[in-house]
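Undergrad: Sending over a structure as structure tokens; questions will come in a sec.
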Amino acid sequence: MAVATRLTWRQEKKLQNYFGEKQFSLYKASICSEQGPALTVVYSKDQIVGAYMQKNYGEGNYLIIVFVFQEFIITKCKVGPFKLPMLKKTMHFSKNTVKKLGLSQRYISFHDCEVFRCEDLLDERRMNGITELKENLLCAIRNYVPYGGLVHKIRILLLGPVGGGKSSFVNSVKSIFRGHVTNQALVGSNPTGTSEKYRTYFFKDEKDNNTLPFILCDSMGLSEKEGLDMDDIPSILEGHFPDRYQFNSLKLMPKGIGNHTGCPLLEDRVHCVAFVFNANSVEQLSYQMVEKIKRIRRELIKSDVVHVVLLTHVDTLDLITKADLIDIYKCVPVKLKLEAVHRKLGFALSDIFVVSNYTSEWELEPVIDVLILSALKEMLWAADDFLENLPLENTGRCV
């Protein structure tokens, strides 16, 4: 049976980050480690005290880091060279150490002790596994064929509030398949958004220069008063808007006139919709925005279009680091965000995916790539569900 720590997730994460993005493996309580760097945590009546050792217990005297954990504040000092000062469930410190740590006495009695082996979260073994997973995802997407061969490419429409990260997601996907960070889709800080045209982005694989089997469609951002007109959405879903269509919030042009496509094919229409939200602000969506999104969802359900959620900027959530992206869905702040989206907007938890877009990086990161490619693969599978559910009469040329 696995041994569970008494530390809360937030306390453990704080310590992991504090000592350099470490992974803690808990030994049986009160058993000392002789297998490299270790963290010892003791629980007294009213505080948590511990020590971080970069060498084995048995390697004699050396410098260690002693710390006191109060609430979420860590106070530390380096002491030594000497062995960990514990005897009969009592820790004892010098007067100088007591002063530095802000303790009230030199001797601290404790009733429980835990010892953790410390390893780098992104060590060579884990990075090799992530790189292998990335290659498997790339292979799956390159070889993907839409359900039944009904279309050559899947169209995925990105919708969401201004600043959610729609254009950044397009750039991130393009960066992965180009092999370097790129910014083809305009990204900016304009409060009304930078996407004023309907854009359809095709993707080429730098490996063989072949066109990939999906298209990402970027639209104006949603807002309470401005942004994408609700009346435009059915026409977008049906495939009436061509690339670079200039949105007109005043009046919708009749189908088949001007820039509109009069008789769109099945391959012209949207096969999957992804709502894109900034994880940092999704809980602050206004009542008007929530109602608009729910109204769009009703339109999607009416059209039998499958839809999912992308939560961006998860790497900027409290205490989350790049190393956490490996098992991001296990992180408490992310779980809370998923539950908030489910509760506020009604999406199933299984339809919510988290990503970290390339916004300030200069080089590709395999950990980020895996999140993006995993979400993209799920959207392609969702589009297959849409195609499979199409009535036979809707699989012809015009929809």
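The values are calculated or read from the model by the stated rules, or taken from the named source; none is laboratory data. Treat the numbers as computed from the prediction; the structure is a model and nothing was measured. FYI the Cβ positions are ideal-geometry reconstructions off the backbone, even for glycines, and counts take in every protein chain you see. Please note that ligands, DNA and RNA were not included when accessible areas were found on the heavy atoms of the full protein model with its side chains. Shrake-Rupley method; radii C 1.70, N 1.55, O 1.52, S 1.80 Å.
Undergrad: What nm value, rounded to one decimal, do you get for the distance between Tyr107 and Lys335 when each label is placed 7 Å out toward the C-beta?
TA: Taking the two extended label points, one gets 4.1 nm.
Undergrad: Still on this structure: Given points 7 Å out from each Cα along the Cα-Cβ axis, report the Lys89 to Thr321 separation in nanometres with one decimal.
TA: Between Lys89 and Thr321, the label points sit 3.3 nm apart.
Undergrad: Another question, then. Which of Lys174/Lys292; Lys302/Lys377; Lys197/Lys292; Lys100/Lys322; Lys294/Lys330; Lys166/Lys225 have a Cα-Cα distance over 26 Å?
TA: Violating the 26 Å limit, Cα to Cα: Lys174/Lys292; Lys100/Lys322; Lys294/Lys330.
Undergrad: Just subtract the alpha-carbon distance of Asp123 and Glu206 from 0.36 nm times their residue separation and send over the number in nm, one decimal.
TA: Gain on extension, Asp123 to Glu206, equals 27.1 nm.
Undergrad: So who's got an amide H within less than 5 Å of the one on Ile48, skipping anything under 5 residues away but keeping other chains? H placed 1.01 Å off N, in plane.
TA: Amide H to amide H, under 5 Å and 5 or more residues apart or across chains, Ile48 pairs with Phe69.
Undergrad: What figure, in Å² to the nearest 10, do you get for the accessible area of Val162 with a 1.4 Å probe and non-protein molecules left out?
TA: Counting only protein heavy atoms, Val162 exposes about 40 Å² to solvent.
Undergrad: For the full complex of protein chains and a 1.4 angstrom probe, list Ser94, Ser175 by accessible area with the highest value first.
TA: Ser94, Ser175
Undergrad: Quick check on packing: order 218-225, 318-325 by the mean number of other C-beta atoms within 10 Å, highest mean leading.
TA: 218-225, 318-325
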